[in-house]
Structure formats: structure tokens, C-alpha cells
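See below for the structure under consideration.
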Amino acid sequence: MRKAVIERTTKETQISITLSLDEQFADIDTGIGFFDHMLTAFAVHGGFGLSVRAKGDLYVDCHHTIEDTGIVLGKALDNALGDKGGIARFGSFYVPMDEALGFCSLDISGRPFLVFDAAFPEERIGGYDSCMTKEFMRAFAFNSGITLHLRALYGENSHHITEALYKALGHALSQAVKPLSGSAPLSTKGVLR
């Protein structure tokens, strides 16, 4: 089973994540309600098993908790995929969310990169700073070793825009981790790193 358990403790956060690519469950508690909602949407729409326990310095703001969760989730994905052999590698998906349309395209390449194109009309969604969507995605991409492109084509509501992006990420990642016949990495080089 493709599964990883990763824990990380700093002076700012304590985070424990279980990620299973072959089960489906969502048990999320970060102390940030909207972020819990987004991680649950990511897990449900990706068809993943995801358990997150995060305690952070929320008296400062939400930044450390959200970014560090992205770091740990990225490491969990990298660990669960091993040598990245026998997977489809690429995934792309559009998600409409009322007036908003989000798009994600990714490559489990071993070469981390983020292209992020989204504007958020409202600065905050509950206890979640809208700008943290980009910070989370960057931390996730760079720690999982994926090339990640995210774009909000349009939208008027920050909640809808953000949710469309997290759901699109879940669907695109679900495509990319699908098993293929054989065990070799899908690469002309023979390796993904």
C-alpha cells in the first residue's frame, strides 16, 4: 500500500500527517476551520486517505501552520510514491465552483516548480488568509518534488476560487498517481529525481 506517516516539530508548529494513496478517509484538525475544509476537499476529490493533526502558533497568524502543513504533506507524498515508478505521472483538471473556475496541471517529475496565477478579492476567509493558498501550494510542490501549475481563470468570491483550486489539485493528483502496468518510472531517463 502506498502510504506514509510524517511528523515534524519546530518551535512554531507540531504536525503529524498520514497520507494513503489507496484508501479514502479524511480526518483533519489544524485549528483553522477553512483550511480543514480545503484539506478535506483535497482528500475527498483526490480519493485519498488523509489524516492531519497540526498545532501551531495561531496567536501570531495562520502562516506557519498552513505552510508547515504543506511541507509535511509534500514529504508524505514523496515518501508514499517511493521511486515514482509505475504511475501515470501527469494530471490536469478543471473545477467549476459556482462563478469561479480553477485549473490544475501537474507532473510528478522530481523537479519542483510552482506556477500560480490567482487573485483573491477578499483577503481573509474565516481564519485563513487568502494569500496562504499560494504559500501552501509552494511548500507542497517543493517538498513533494512536483511541477505544479494552478490557475483561477475567473471568480468573484475568494472562498469559491480557493476551493476550486484545492479540488482541482486533488483530481489532478489522483490522475497522476494512478498505477500503470510495469514498475519503471515514466521517463526517457529511466528515473524521476
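A quick yes/no check of all residues on (1) surrounded by fewer than 24 Cβ atoms within 10 Å (Cβ to Cβ); (2) at pLDDT 95 or above:
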position: F120; (1), (2): yes, yes
position: R138; (1), (2): yes, yes
position: H149; (1), (2): yes, yes
position: G155; (1), (2): no, yes
position: K178; (1), (2): yes, yes
position: V191; (1), (2): yes, no
Handout entry: Residues satisfying the stated conditions in the range 1-46, i.e. among the basic types (K, R), assigned to a loop (DSSP other than H, G, I, E, B) and over 16 Å from H64 (Cβ atoms)
Key = R2
Handout entry: Which listed residue, of T133, T30, is more than 25 Å from V5 (Cβ to Cβ), touching a helix residue (DSSP H, G or I) at 6+ places or on another chain (Cβ under 6 Å) and not aliphatic (A, V, I, L, M)
Key = T133
Handout entry: Index of the failed condition, F93 passing every other in (1) out of contact with any Phe, Trp or Tyr (no Cβ under 7 Å at 6 or more places or on another chain); (2) closer than 18 Å to G33 by Cα
Key = (2)
Completion exercise
Residues in the range 83-104 that are at pLDDT 95 or above, surrounded by fewer than 19 Cβ atoms within 10 Å (Cβ to Cβ) and not hydrophobic (A, V, I, L, M, F, W, C) total 5
Completion exercise
Of the conditions (1) small (G, A, S); (2) at positive phi; (3) loosely packed, with under 15 Cβ neighbours inside 10 Å, the single one that G33 does not satisfy is (2)
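The values are calculated or read from the model by the stated rules, or taken from the named source; none is laboratory data. The structure presented is a predicted model; accordingly, all values stated were derived computationally and were not measured. All Cβ positions, even for glycine, are placed from backbone atoms using ideal geometry, and neighbour counts span all protein chains on display.
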